[in-house]
Every structure is written in structure tokens, then in C-alpha cells.
């Protein structure tokens, strides 16, 4: 028997149109998603990984029937996302990162009770399921309090409970751990793994590489609206197995120095992150630790505090795919 | 629609009704539109008409109560979809299996139900402050008229809400819509005082027929035939509003999903 994908995406494209100018208005087109295709198998935890503005949220909004694609097709549970949106909605759950999307003047319990009505959960089922879900997300003690008094992490956990009310077959989680403290994020990741163990199909977007590495069976790396790689985290990492990563902490490095580093023949990518007054520089190179003296020559005259040479991670594979710190 | 679907939709409308009542209860703006503003209108109108007797006082009570009904519907009911957008819940409302118009119906019903309080407030002002003896002449017919008025206003709100989201340009005129409807619907004075060309406009508005039914049955100035006709018009226009709102809501949702405007970024 042929096994169909739970999510099938074919050449999906989405263009946003906006107007600029006051007197002479001109239409500007922004391509958010540029003809992407992928499949998610039943029970799979699939990751969509990419930087901010890569097109992850737009993709999820199209798959959850909230946004109509400009072209291309997608099917969720065998149903077309445009023509059969109503049939999909009852069988999926979704969350978008952030504090919005809850009724702040109501308690967490009342929010869940209301959403259970919207999803046609029978009242007697909801009466048992809501306390269970509040317990599951660690809000059993605070369920009767108004949401306006909740922390961001508590709201995010309430969103998780909300999306599980009707026991959906497919979950779309758009950056679910964004803004959570480390403990809260770790608990949420464990919760996602537990859901996958219940055979739920999950599409997760994130820009945290370690999160995709830890949770996802397959990852599509998306950049500027296009999928630039799609494989298992291990296979993606193997793409950079020929590289070593040199990490350095430098003070007062100007852009010309970064360009000189990029110009070195043995350097693959250079990414720079400003942390307080110093810069965390990450250089991918095929020469490993042998590259360090040449790198130091370029950085001569600058204060360099720490130099570490290490094996590449999924994050390095990602940096290589999306073009380093450019 | 199957019986099961009808049951589910009624349950959703009731849930929307209850949460709207609970969320609006502490809202100062709601308090102003359903209590303060109609009271101000009632006091001013009573000062002008107090010498003319109890029938006029009852006319003012019902009329100023209806101003509260309309203002609350215009601002709260009209913004019932927009409000979800502002609070970031519109995507959830659209992404679930119940038709959005069912939820808006429940929300508008709560708004109209709450605004009936404005009639109680106006009645109290007339009875206590101006010492008017107010007796509803046809209480049974008045009660039925009040129920039909509530239904007609809810249906009217269903047309306004998607229109405000569909066209922000229309919403810019939201404030300007408040007083013309007071006048066109004869809340505080008969429409016979207006120019003749406005009469057909009044006939298209269910609140006008609601005002006729409520004024007529409270003061006893309308025959049974006239009251029945007003009821019929409320039902007919309510049905037309329902059909228009279904079409408008579908268009609104398609436009919002096409233009990515379900959420304010």
C-alpha cells in the first residue's frame, strides 16, 4: 500500500505586495517563499531551520491555511490547503511564538475552555482534558489566574496546551521556545519529544541549530525563501566534516579586518557576532589548527583573548549553507 | 447543516457570548457607551420634554436606551473582528473549524444583551430624577419587540463587523455613523421630521423598525397590525443582513488570507 506524506509541499511560493511612497505610490513585491518543495512523513518531527526573514513563518502560515500561496500547491493530511482548508483545520494544531493570541482578561483555564468549544471538544471531554493539559504544561497551580499576570514562558506553555485540546494529528510549532528562559525551553523541548513519541507529526521551525539537531529527524535549511539543504542533522553535519572551526574573541576589529580574513585562501566562511565590546569571530577553514598563525597575522595589533579550534556542528553546516555572517 | 453541526455551532456561539460578557464587564468604554452616554441623552431629552407628559417620557426612555444599543453595537460589535486582530487572536479564530460568523454572532449577541442595560438606566433616570410614572402600555408585545430588536441588532452587527475589517476606509467613518442612525431610525424623534428623501433609507434599517415596535408598544400608540408589520420587517431585514454578512465574511477572510492581514505585525 502506498504511504502518503502527511505534509506535501510542491513549488510553494508567496509574494507580499506593499506600497511605498505617499504621492507617487509604487507597488513593491517581496518574495518571502520562492518555490519550495518538501514532504513530511507520518509521525515525523521535521525541522525548518533558517535565519529571521528566511520564510519559515510564511511557510507555516500557508500550511495552517492562514495565508493563501501566490502559486504552488500544498496538502496536509491529503487535503489541499486552499480548497479544503475547513477539512484541515479540525485536524491540525499550531502555535506561533510570542505572547499574543490569548485572551488576557480570562484565566488560563477559561482560555482553554473557550478554545475547546471552538474545536468542538465535547464538554465532558474538555472537563477532563483541560486539567490534564494544565498539569502537563506545568500550569495546574496557576490555571485559575488571569493570563495578564502570566510570564512569557507561561503564556507559551498555555499555547501548547491550547493546541493539544482537540488532540490534533499534525502540529505546526513556529519557534516555540523563542523568548523562554533556558529551563522553560528545555522543558518545552522535552514536551515536543513526548508528543512525537505519541506518533504526532510535527513541523517545527527554529533558528536554534542545537534545537533542530536535538529534536528533528530531518531538517530543511531555508534561506531567502529557498530550501538550500534538506537532510538528517547527521548528514548535514557531514557536509562540513572537512572543515575545522576556529573561534576567537577579539576586541576592536573593524570591517576591513573581517574582509581580509574572508580573503584568505584557506578560509571558507567568517561570521562575527558583537558581544558587549568584543567580537566573537568564527572562521571555518580546511586547515584546522594550522590556520591559526595566519589568522593571528591578520589580527596583529588587536587584542585576542581566546582561541579555540573545534569540530564542526550543525550550526557550522548551517552557517556554511546560509553564507556566514554576510 | 446537520443537527450535530447546529448543536456544535450553538455551543460555540454561547461560549463566545459568555466570554465577551466577562471580558467587557470591566471595560470602561463599554460602561460609557451603555450607561453614561444614554443617561446623558436621556437627561437632556427629559429636560426638553418633561412638561409634555408620561407618553413622551416613555418615548425618551426607549429612545435613549436604543441610542446606547446602537452605540455599543457600532463600536463593540463593529470592532468584534478587528479587536481579535488587535489582540492577535484572529489567526486562531480563523484557523479553527467553526465558521467565524458563528463566533461573531455570539460576540454581538453579548454586546447587544449588555447594552439593554442602557434602557434600564434611562428608565431609572426618568422615574427617579424626573418623577415620571412610566407604564408600558402593551407589556407582552413590548417584550416580544425587545427580543426581536435584540436579534435584529445582532444581525445588523454581523454586517458591520466584516465591513470594518474589509475596508479600513469605511471604519474611518465609524464615529460619523453614530448620530445619523439615531436620527434615521427615529430613536428620539419621529422620522416624519426629516426630509422625505431620507425615509427609504430608514426603511432599510432594522433598528428603525425596532424603534417603531418598541415606541408603539410602550406608549400604546401603535395598532397590533402596525406592530406585526414592524416585527415582520425586523425578521425580513435580519434575514437579509445574515445573507449579506455570510458573503461579506467569506470575502473578508479570503482578502485577509491573501493580503496577510490576519495579524498586525
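Numbers below:
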{"quantity": "Within the range B:127-151, tally of residues that are more than 28 Å from residue B:225 (Cβ to Cβ) and either assigned to a helix (DSSP H, G or I) or touching a strand residue (DSSP E or B) at 6+ places or on another chain (Cβ under 9 Å) (or both)", "calculated": "3"}
{"quantity": "Answer from B:33, B:2 - the residue that is surrounded by fewer than 19 Cβ atoms within 10 Å (Cβ to Cβ) and more than 10 Å from chain A (Cβ to nearest Cβ)", "calculated": "B:2"}
{"quantity": "Which listed residue is under 18 Å from the mean Cα position of the chain (by Cα) and either part of a helix (DSSP H, G or I) or without any contact (Cβ under 8 Å) to a residue 60 or more places away in the chain (or both), from B:49, B:69", "calculated": "B:69"}
{"quantity": "Tally, over the range A:276-302, of residues that are over 18 Å from residue A:317 (Cα atoms), touching a residue at least 24 places away in the same chain (Cβ under 8 Å) and more than 26 Å from the chain's Cα centre (by Cα)", "calculated": "10"}
{"quantity": "Odd one out for residue B:42, checked against (1) more than 9 Å from every other protein chain (Cβ to nearest Cβ); (2) under 23 Å from residue B:155 (Cβ atoms); (3) in contact (Cβ under 8 Å) with a residue 24 or more places away in the chain", "calculated": "(2)"}
{"quantity": "Any hit, the range B:52-74, residues being within 12 Å of chain A (Cβ to nearest Cβ), modelled with pLDDT of 85 or more and in contact with a helix residue (DSSP H, G or I) (Cβ under 6 Å, 6 or more places away or on another chain)", "calculated": "no"}
{"quantity": "Test result for residue A:196, exposed (fewer than 15 other Cβ atoms within 10 Å of the Cβ) and not in a loop (DSSP other than H, G, I, E, B)", "calculated": "no"}
{"quantity": "Lone qualifier among B:154, B:170 - being touching a helix residue (DSSP H, G or I) at 6+ places or on another chain (Cβ under 8 Å), more than 14 Å from every other protein chain (Cβ to nearest Cβ) and without any contact (Cβ under 8 Å) to a residue 12 or more places away in the chain", "calculated": "B:170"}
{"quantity": "Members of the range A:18-52 found to be assigned to a loop (DSSP other than H, G, I, E, B) and touching a residue at least 40 places away in the same chain (Cβ under 8 Å), listed by number", "calculated": "A:41, A:42, A:43, A:44, A:50, A:51, A:52"}
{"quantity": "Residue in the range B:80-100 that is buried (at least 24 other Cβ atoms within 10 Å of the Cβ), at pLDDT below 85, touching a helix residue (DSSP H, G or I) at 6+ places or on another chain (Cβ under 8 Å) and closer than 21 Å to residue B:183 by Cβ present", "calculated": "no"}
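The values are calculated or read from the model by the stated rules, or taken from the named source; none is laboratory data. What you see is a predicted model; the values in this text were computed from it and never measured. Reconstructed Cβ throughout: ideal geometry from the backbone, glycine too, with neighbour counts over all protein chains shown.
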